[in-house]
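Beneath this line is the structure, given in structure tokens, with notes to follow.
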Amino acid sequence: MSDSWVREATATAAGGQLRTGDGKLSTALASPLAPHCNGLAPEELLAAAFAACLHHAAVEAATSVTDEAHTVQVRAQARLGRDPDGCYHADVRASIAAVGLTRQQLAKLADRADRLWPFSGNGGGRHTLTVTPATSADR
């Protein structure tokens, strides 16, 4: 693997706040240890992060399928669970939609986008990821 990183970012979570290094995102965090805290929960952050990453890959993939790449929409759902040993595991389900594509084109787009990004559904570990073409209910 090459050391030629295309992009890099930092973020810090501390004191009930999450902030990106460039300051573009700053939000309160919910805490499982302090249920009264308002803010984003880990599963919400996972869903948002997966949707953003996959959207980037899907738009790139769409350029080889359609000239309507600007219509790409990604919807992600993240669930957290606990293994019997107490470790967290995540399940992420994502769907990709785009205006004017046939079912076959949409399937090709979803497959290509899934292969492009580093958290592919073909990965392993303590997370599962399923990327599918959107159905009419997802749009």
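Determine the pairs where a residue that is closer than 17 Å to Ala134 by Cβ and touching a residue at least 24 places away in the same chain (Cβ under 8 Å), located within the stretch 62-84, has a partner that is among the β-branched types (Val, Ile, Thr) and open to solvent by 30 Å² or more (accessible area, probe 1.4 Å) with Cβ atoms under 8 Å apart, the partner being 6 or more residues away or on another chain.
So the pair list comes out as Glu68/Val99; Ala69/Val59; Ala69/Thr63; Thr71/Val99; Val72/Val59.
Go through (1) out of contact with any Leu (no Cβ under 9 Å at 6 or more places or on another chain); (2) open to solvent by 70 Å² or more (accessible area, probe 1.4 Å); (3) closer than 25 Å to Glu8 by Cα for Gln104 and report which single condition fails.
The one condition Gln104 does not meet is (3).
Considering every residue within the stretch 91-99, establish whether at least one is among the polar types (S, T, N, Q) and out of contact with any Ser or Thr (no Cβ under 8 Å at 6 or more places or on another chain). Before you say what the answer is, go through the steps one by one.
Of all residues in the stretch 91-99, those among the polar types (S, T, N, Q) come to 95.
Right, trim to out of contact with any Ser or Thr (no Cβ under 8 Å at 6 or more places or on another chain) and you get none.
The answer is no; no qualifying residue exists.
Under 7 Å between Cβ atoms, at least 6 apart or on separate chains: pull out the pairs that start in the stretch 1-27 with a residue that is at pLDDT below 90 and end on any residue that is surrounded by 10 or more Cβ atoms within 10 Å (Cβ to Cβ) and assigned to a loop (DSSP other than H, G, I, E, B).
Taking only residues 6 or more apart or on different chains, the pairs are Gly16/Cys37; Gly16/Gly39.
Only residues in the stretch 93-113 that are among the β-branched types (Val, Ile, Thr) count as the first member; pair them with residues that are modelled with pLDDT of 90 or more and surrounded by fewer than 20 Cβ atoms within 10 Å (Cβ to Cβ), Cβ under 8 angstrom, at least 6 apart or cross-chain, and list the lot.
These pairs meet every condition: Ile96/Gln73.
The values are calculated or read from the model by the stated rules, or taken from the named source; none is laboratory data. Keep in mind the model is a prediction, meaning the values are calculated, not measured. All Cβ positions, even for glycine, are placed from backbone atoms using ideal geometry, and neighbour counts span all protein chains on display. For the accessible areas, the whole protein counts, side chains as well, though only heavy atoms, and no ligand, DNA or RNA atoms are used. Shrake-Rupley method; radii C 1.70, N 1.55, O 1.52, S 1.80 Å.
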